[in-house]
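Step one of this worksheet: look at the structure below.
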Amino acid sequence: MSLQRLGWNSYFDALWQGREQAEWLPARVVSQQRGLWRIAGDFAECWAEISGTLRAATEAGADWPAVGDWVAAEMLSGGGRPLIHKVLSRRSKFVRKVAGRRLEEQVIAANVDTAFVVMALDGDFNVRRLERYLAQCWESGAKSVVVLNKADDCGDVAARIGEVQNIAASLPILAISARTGEGVEALDTFLAPGQTIVLLGSSGVGKSTLVNHFLRHDAQTVQPVRASDSRGRHTTTSRELFALPGGALLIDTPGLRELQLWGASEGVERTFSDIEELTIQCKYGNCGHTTEPGCAVQAALTEGRLDEERLESWRKLGREQDFVRRKVDPEARQQEKERVKLLHRGAKQKYDQRRKDGGKS
């Protein structure tokens, strides 16, 4: 498969001009499994390993190759697996915090032009979950399209679209049915040759059915969702890049039951731009948006211009970002320590004063 067919363009060509070794070849990561990366380029598609130098220079996680990455690879003359020596700078990346307690960034897909954020219009419809995806998409550097699948299972599609419009700003919102083909042709306008698309969403929203539609054959297994709660099973177990018949490239991802944001402070601001604009109108710059006088956020809440659940979602995602930043950023961690010290000092002063006053408040 040619480099151009894989999405190589002038941006990556400019990066490649500074390559360190003449024998290295450009390649794109099309899938991965533990310790191995499948690469494609102007050679037969094959599995590769990362070089010892790359392994020593980077930490496991976000610095290692991910599906969609362009890498510098060396074909070994002895017949061994090719070696990946370098990951080219990414134009965009969709990331999350790894599942569990570890504080580590995980790259879901790299060098994406457009993200299809897929949500089902059945019992699993959840705008709060969609806010999370949109926040990370804004941060990724890729364009986003909200795809509302299973329109044939929804009694009031227009109402659902209205709910999404309230949180998706000016993003395109498309209601489709991957099963029946209804409205799917609207997605074709984003599938230009050389463009890379990623499918994002939780299990059971219909991503595998969309992959099969775009490929025009059954490449992915499709399973029904549970009737009790419309939750799906993981039919896609790994990330993989497909070359579509029309020339576009598609990255399919496993359903994410847990999407913890990583480094998405700006993405949260853009996703909740309506609330961010309200905070600017508050009377006090350090307003906590609870009981302070002149709070524009609370005024909008009282007047019905702001939904309580959306406000709480904004607060929750903000707290998550603050927590991650304090843990991974030494400066932010030190600032938090100083803040806690001041709080404790203030509390101690109040306690000492009360003792001097004979225990009176």
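To put it simply, the accessible area of segment 250-303 at a 1.4 Å probe is 46 percent carbon and sulfur.
The gain in end-to-end length when the Cys46 to Ala99 segment is fully stretched comes to 16.2 nm, 0.36 nm per residue minus the alpha carbon separation. Of the solvent-accessible surface of segment 1-124, computed with a 1.4 Å probe and all protein chains present, 46% belongs to carbon and sulfur. When the Cα positions of Leu191, Gly80, Trp138 are compared along the charge dipole of segment 76-228, Gly80 comes out farthest toward the positive end, with charges on each C-beta of Lys, Arg, Asp and Glu. Rounded to the nearest 20 debye, the dipole size of segment 52-206 about its Cα centre is 640 debye, using +1 on the Cβ of Lys and Arg and -1 on the Cβ of Asp and Glu.
When all alpha carbon pairs of segment 1-135 are counted in 5 Å bins from zero, the resulting P(r) reads 2, 9, 18, 21, 18, 13, 8, 6, 3, 2, 1, 0 %. Around the amide H of Ser144, modelled in the peptide plane, lie the amide H atoms of Ala115, all under 5 Å away and 5 or more residues distant in sequence or on another chain.
In order along segment 266-273, the Karplus-derived 3J(HN,Hα) couplings, from 6.51 cos²θ - 1.76 cosθ + 1.60 at θ = phi - 60°, round to 5, x, 5, 4, 6, 5, 10, 4 Hz, and Gly and Pro are given as x. On a per residue basis, segment 109-198 carries 37 Å² of accessible surface, using protein heavy atoms and a 1.4 Å probe. In segment 27-73, the ratio of gyration radius to Kirkwood radius, Rg to Rh, stands at 0.94 when only Cα atoms are counted.
On full extension, the segment bounded by Ala192 and Ala22 gains 58.0 nm, given 0.36 nm per residue less the C-alpha separation. With the largest listed first and rounded to whole Å, the semi-axes of the equivalent ellipsoid of segment 84-199 from the Cα gyration tensor are 27, 18, 12. For segment 1-46, the alpha-carbon radius of gyration amounts to 1.21 times the rule-of-thumb value 2.2 N^0.38 Å expected for a compact globular protein.
Think of each Lys and Arg Cβ as +1 and each Asp and Glu Cβ as -1; about the Cα centre, that makes the dipole of segment 32-104 roughly 460 debye. State which entries of Lys93/Lys283; Lys97/Lys143; Lys97/Lys283; Lys93/Lys207 exceed 29 angstrom in Cα-Cα distance in the structure shown. Violating the 29 Å Cα-Cα cut-off are Lys93/Lys283; Lys97/Lys283.
The values are calculated or read from the model by the stated rules, or taken from the named source; none is laboratory data. In this text the structure is predicted, and so the values were computed from the model without any measurement. For neighbour counting, all protein chains shown are included, and Cβ atoms are generated from backbone atoms with ideal geometry for every residue, glycine included. These area figures cover heavy atoms from the full protein model, side chains too; ligands, DNA and RNA do not enter into them. Shrake-Rupley method; radii C 1.70, N 1.55, O 1.52, S 1.80 Å.
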